[in-house]
Each structure stands twice: as C-alpha cells, then as structure tokens.
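What follows draws every value from the coordinates through simple rules; no lab data is involved. Remember, predicted model here, so these are calculated numbers, not experimental data. When we count neighbours, we look across all protein chains shown, and the Cβ atoms used for this are built from the backbone with ideal geometry, even at glycine.
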Amino acid sequence: MKVDGGCFCGAVTYEAEVDPTKVVICHCTDCQTNSGTAYGVVVVVVDDSFSLRTGSLKSFEKVADSGQRRELAFCPECGTRIYARPAGGTPGVFGLRAGTVTQREALKPIAQLWRKSALPWTQDISSLPSFEGQPQVKP
C-alpha cells in the first residue's frame, strides 16, 4: 500500500510502501518512553521503500529491549518520531510510526508485542468516559 505522511510541524514529509497486514502495537519500554505514552503503533515498510519528500531527519542509535541496535529517526524541528530500522544497514524490520501516516485510518493493528511491559490499564479502556472533542475543563 502506497502511503505518505510527515511530522507534526510539517518540515518532514515522506512516501513509502507499507504492508497494511503488518501493523502492530508495541508495548516495549522503549516505545513507551519514545512515544511519551503507553505504546507505539508501527507499520512495516516493504523493502526499505521509504523516501523523504521534504526536510531531513535526525537519527539516534539505541540498543532496543530486543537487544538489537536500532536507528530511530525523527524530525529535528518538532521531534516527531518517524521510523525505527536496524542500525548500520543490518537486515530487519523497518517500522514506520503509524501516527505519522496520512492514511493511518486504514492501518488496523493485528497484534500486540512486548506484552510483558504493557501498562495494566491498557487492557480495557472502553469503560472510561468518552468525548467527541475536548471537554470543558474548569481550572
């Protein structure tokens, strides 16, 4: 599936070929910290078919919870994480952050990874109050 997307500030845009049958929720502690929330949602890029349309990326190399060296790429202006892939050209999974994909509505997760690190409250949030937009909050 051909997709496009970009960062929060718009400085970085890209296009890629992804496999919509390979979308996962990752509960590893790296994804929790890096996303600033409970988990990351990742879609697999097909054959490294990722290309920048505008901007440039800054990267950071990290030894992941899996023990693998990963290159984490992000917008140098707003910090939006765009992808993670094996460092140094090593073969492996090239994971695009699904939240940065314009067509993210079509990317339904099929599995959850690193459940041993999952925060307990992520199990069922359906009972929490829901709002269609931002509710009025009193100071």
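Some values worked out for this structure:
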item	result
Value of D in µm² per second that Stokes-Einstein yields for the range 2-118, Kirkwood Rh from Cα pairs, at 25 °C (0.890 mPa s)	174
Links that overshoot a 30 Å alpha carbon limit, given the list Lys62/Lys138; Lys22/Lys62; Lys22/Lys58; Lys108/Lys138	Lys62/Lys138; Lys108/Lys138
Under 15 Å, Cβ to Cβ, from Pro109 - net charge with Lys/Arg +1 and Asp/Glu -1	+3
The chain, helix-only ellipticity at 222 nm - DSSP H runs n ≥ 4, -39,500 (n - 2.57), divided by all residues, nearest 500	-1500 deg cm²/dmol
Charge dipole (the chain, unit charges on Cβ, about Cα centre) - positive-most of Asn34, Val63, Pro120	Pro120
Environment charge of Met1, counting only residues whose C-beta is closer than 15 Å and scoring Lys/Arg +1, Asp/Glu -1	-2
Listed residues Pro135, Ala11, Phe74: farthest to the positive end of the dipole of the chain (Cβ charges)	Pro135
Antiparallel bridge percentage (DSSP; both residues within the range 2-118; nearest 5)	90
Surrounding net charge for Ala16, when Lys and Arg each add one and Asp and Glu each subtract one, Cβ distance under 12 Å	-2
Mean projected area in nm² (Cα convex hull; one quarter of hull surface) for the range 64-139	8.8
